[in-house]
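The values are calculated or read from the model by the stated rules, or taken from the named source; none is laboratory data. Computed from a prediction, not measured in an experiment: that's the story for all the values here. Every residue, glycine as well, gets a Cβ built from its backbone with ideal geometry; the counts of neighbours run over all protein chains shown.
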Amino acid sequence: MRLINRRPDRASRLLLVILPFSLLLFAYFTGSATRLTENPNDKLLPSAVQMADAVNRMAFKADTRTGEYLLWQDTGSSLRRLAIGLGISALLGLCLGIASGILPLFGAPLSPLLTVLSMVPPLAILPILFIVFGLGELSKVMLIVIGITPILARDLEQRAREIPVELLIKAQTLGASTWTLILRVILPQLLPRLLIALRLVLGSAWLFLIAAEAIASTDGLGYRIFLVRRYLAMDVILPYVVWITLLAWLMDWGLKALTRKAFPWYEGARG
Amino acid sequence: MSFISVQNVWQQYDDQVVLEGLNLSVAEGEFCTLVGASGCGKSTFLRLLLGQEVPNKGKILLDGKALASEPDASRGVVFQRYSVFPHLSVLDNVALGLELPRSALLGRLFGNAKREAREQAAVLLNKVGLGHSLDKYPTQLSGGMQQRLAIAQALIMKPRVLLLDEPFGALDPGIRKDMHALLLDLWRETQLTVFMVTHDLSEGFNLGTRLLVFDKVRIDPHAPGAYGARITYDIPLNSDRRAARAALDSLQQA
């Protein structure tokens, strides 16, 4: 039978899903065990016990200096920045996308501008953000906003243009004004697309967040990782990376579930 | 006086003339079927009537007044595809037409007004045979059912003109027959003036009270775009139906 026609059944699919993860873990822990037997003070590949210790210290014991539980404090700060950044970007992207995708008079100036702006590497203007907005929360949120808004706006502009012109005409024959047409026809059809676009930019949003935190911050997941790097504290860095990955995956999954639940009519949600 | 009067209308895109010197006068309540080869301007003519495009030359009068140059509620339309809103249930697809004109700010009604709009929509949907699918989304309907929905959606606005652009082109023959019966019933009940583009000649002959054939009279083999199509035949049809409609009208006026 050709490879293209062979499909795993339920049991073997599960096995195939687990396989690469277990291989990865196995490779890590054998490597870690080998290095630690040679040199018990090795810091590069900490054992599971060392990492559990570190997690315990970071998450469940109050920091002696500040009295805070560092992991949760870091997580809270990072997620707040991310949520504000993503929220503003989603709103801006939606408005810009609809305006330039549906209204030709707005699209003429906006569309080329968005194309050019989306080519500006956001990290390259990070220093400008620090100079203009200071080293506080604002510049970190702004980096996320500046980084992903043009991507969202361009995607939604494209999706808005893909709405068949027949539907726009039909809505007008049903008595819609430009405003109510956008409100009742365009917006509801773009919302599921917005959620999907958000899923796609989650990775970039995390990247910008961690970059901003690494450079100027006093808390946050990215700050912590770059801080403990000085002590080569891989036992903290690795759990933090796993934690960030888990958070990102959960957000992705949540957005997917939300798309499916909130927009049952949308076929693209079953991807 | 004629209800719709088309006076010397020309339409061309760049140097491609599509329609030339079109003259037509249609009485209220006629069922015009538009036939002709592909690319000879039937759908262009329909878009002009709809207000989606404006003629380069000439004018179209509706009830003695120049046609609005953008689509509005006076002219309903059913396309071959993409006529219904995928994000609204069957019921809301029709109720939308009652909500939009009454709420300029949100395009949406609440409370009693909303319930009344939905009841009114449900009555019409029952009539077109969709009474059992009120809560479904359009993607859950068959092609024929979607077109029924599109027709109901257009009729809820009580337009004076209904424009149909190959509405049954994608349906199989059995379903198409049912749709013809439905359309004729609705046409008899209302004062609707219908323009229907079709590729199916027998459909054109069976449904219409007037068949309009679009064709190019002049052809320059060296410049295929130089001349446009005109109405080459204008055939009155189904005189019984036409007479019944006229009798009904005179009774109503008496």
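Observations on the structure shown:
- Counted residues, segment A:163-177 - those being more than 7 Å from chain B (Cβ to nearest Cβ) and part of a loop (DSSP other than H, G, I, E, B): 1
- Residues of segment A:223-269 satisfying the condition of being within 14 Å of chain B (Cβ to nearest Cβ) and among the polar types (S, T, N, Q): A:Thr259
- Criterion applied to B:Leu183, B:Leu171 was being assigned to a loop (DSSP other than H, G, I, E, B) and under 18 Å from the mean Cα position of the chain (by Cα), and the one residue passing it is B:Leu171.
- Residues that are within 24 Å of A:Thr180 (Cα to Cα), in a loop (DSSP other than H, G, I, E, B) and either among the small types (Gly, Ala, Ser) or within 12 Å of another protein chain (Cβ to nearest Cβ) (or both) within segment B:109-157 comprise B:Leu109, B:Asp135, B:Lys136, B:Tyr137, B:Ile156, B:Met157, listed in sequence order.
- For beta carbons closer than 7 Å, sequence separation of 6+ or different chains, a first residue in segment A:65-77 that is touching a residue at least 12 places away in the same chain (Cβ under 8 Å) and a second that is outside any helix (DSSP H, G or I), the qualifying pairs are A:Leu70/A:Asp63; A:Gln73/A:Asp219; A:Asp74/A:Asp219; A:Asp74/A:Gly220; A:Ser77/A:Asp219; A:Ser77/A:Gly220.
- Filter pass, B:Lys114 being farther than 22 Å from B:Leu182 by Cβ, more than 24 Å from the chain's Cα centre (by Cα) and in contact (Cβ under 8 Å) with a residue 12 or more places away in the chain: yes
- Exactly one residue among B:Val77, B:Val18 is at pLDDT below 90, part of a strand (DSSP E or B), buried (at least 20 other Cβ atoms within 10 Å of the Cβ) and among the β-branched types (Val, Ile, Thr), and that residue is B:Val18.
- Residue in segment A:200-215 that is under 30 Å from B:Ser89 (Cβ atoms) and assigned to a helix (DSSP H, G or I) present: yes
Results for (1) of a type outside the set (Phe, Trp, Tyr); (2) in contact (Cβ under 8 Å) with a residue 12 or more places away in the chain; (3) over 30 Å from B:Leu182 (Cβ atoms), shown as yes or no for each residue.
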| site | (1), (2), (3) |
| --- | --- |
| B:Phe3 | no, yes, no |
| B:Tyr13 | no, no, yes |
| B:Leu19 | yes, yes, yes |
| B:Ser25 | yes, yes, no |
| B:Leu50 | yes, yes, no |
| B:Leu61 | yes, yes, yes |
| B:Arg75 | yes, yes, no |
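- Single residue of segment A:78-88 satisfying the filter (touching a residue at least 24 places away in the same chain (Cβ under 8 Å) and under 12 Å from the mean Cα position of the chain (by Cα)) that is surrounded by the fewest Cβ atoms within 10 Å (Cβ to Cβ): A:Leu79
- B:Phe79 vs. criteria more than 26 Å from B:Val17 (Cα to Cα) and within 9 Å of chain A (Cβ to nearest Cβ): no
- Test set (1) touching a Gly at 6+ places or on another chain (Cβ under 8 Å); (2) within 30 Å of B:Val123 (Cβ to Cβ); (3) buried (at least 19 other Cβ atoms within 10 Å of the Cβ); (4) not small (Gly, Ala, Ser) - B:Leu46 fails condition number: (1)
- Residues within segment A:182-197 that are surrounded by 20 or more Cβ atoms within 10 Å (Cβ to Cβ), within 8 Å of chain B (Cβ to nearest Cβ) and either closer than 15 Å to A:Gly101 by Cβ or of a type in the set (A, V, I, L, M, F, W, C) (or both), tallied: 2
For every residue, the table says whether it meets (1) under 17 Å from A:Val242 (Cβ atoms); (2) modelled with pLDDT of 90 or more.
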| residue | (1), (2) |
| --- | --- |
| A:Asn5 | no, yes |
| A:Tyr28 | yes, yes |
| A:Ser32 | yes, yes |
| A:Glu38 | no, yes |
| A:Asn41 | no, no |
| A:Lys61 | no, no |
| A:Gln73 | no, yes |
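- Against the test of being surrounded by 15 or more Cβ atoms within 10 Å (Cβ to Cβ), under 27 Å from the mean Cα position of the chain (by Cα) and of a type outside the set (Asp, Glu), the options A:Leu25, A:Leu110, A:Leu91, A:Leu36 yield a single qualifying residue, A:Leu110.
- Residue in segment B:49-59 that is among the polar types (S, T, N, Q), in a strand (DSSP E or B) and either under 19 Å from the mean Cα position of the chain (by Cα) or more than 16 Å from B:Leu211 (Cα to Cα) (or both) present: no
- Count of segment B:127-139 residues which are modelled with pLDDT of 90 or more and either under 22 Å from the mean Cα position of the chain (by Cα) or in the same structural domain as B:Arg176 (by TED's automatic domain parsing) (or both): 1
- Number of positions in segment B:82-107 that are within 7 Å of chain A (Cβ to nearest Cβ), out of contact with any strand residue (DSSP E or B) (no Cβ under 8 Å at 6 or more places or on another chain) and assigned to a loop (DSSP other than H, G, I, E, B): 7
- Scanning segment A:152-181 for residues being over 25 Å from B:Leu164 (Cβ atoms) and either in contact with a strand residue (DSSP E or B) (Cβ under 6 Å, 6 or more places away or on another chain) or in contact (Cβ under 8 Å) with a residue 40 or more places away in the chain (or both) gives a total of 11.
- Extreme residue, surrounded by the fewest Cβ atoms within 10 Å (Cβ to Cβ), among residues of segment B:196-254 that are in a loop (DSSP other than H, G, I, E, B) and of a type in the set (Asp, Glu): B:Asp220
- Here B:Pro159, B:Pro167, B:Pro138 are screened, and the one residue that is under 12 Å from B:Val90 (Cα atoms) and surrounded by 20 or more Cβ atoms within 10 Å (Cβ to Cβ) is B:Pro138.
- Enumerated helices (runs of 4 or more DSSP H) restricted to segment A:1-112, each holding at least 3 residues that are closer than 27 Å to A:Arg199 by Cα and in contact with a Gly (Cβ under 8 Å, 6 or more places away or on another chain): A:70-102
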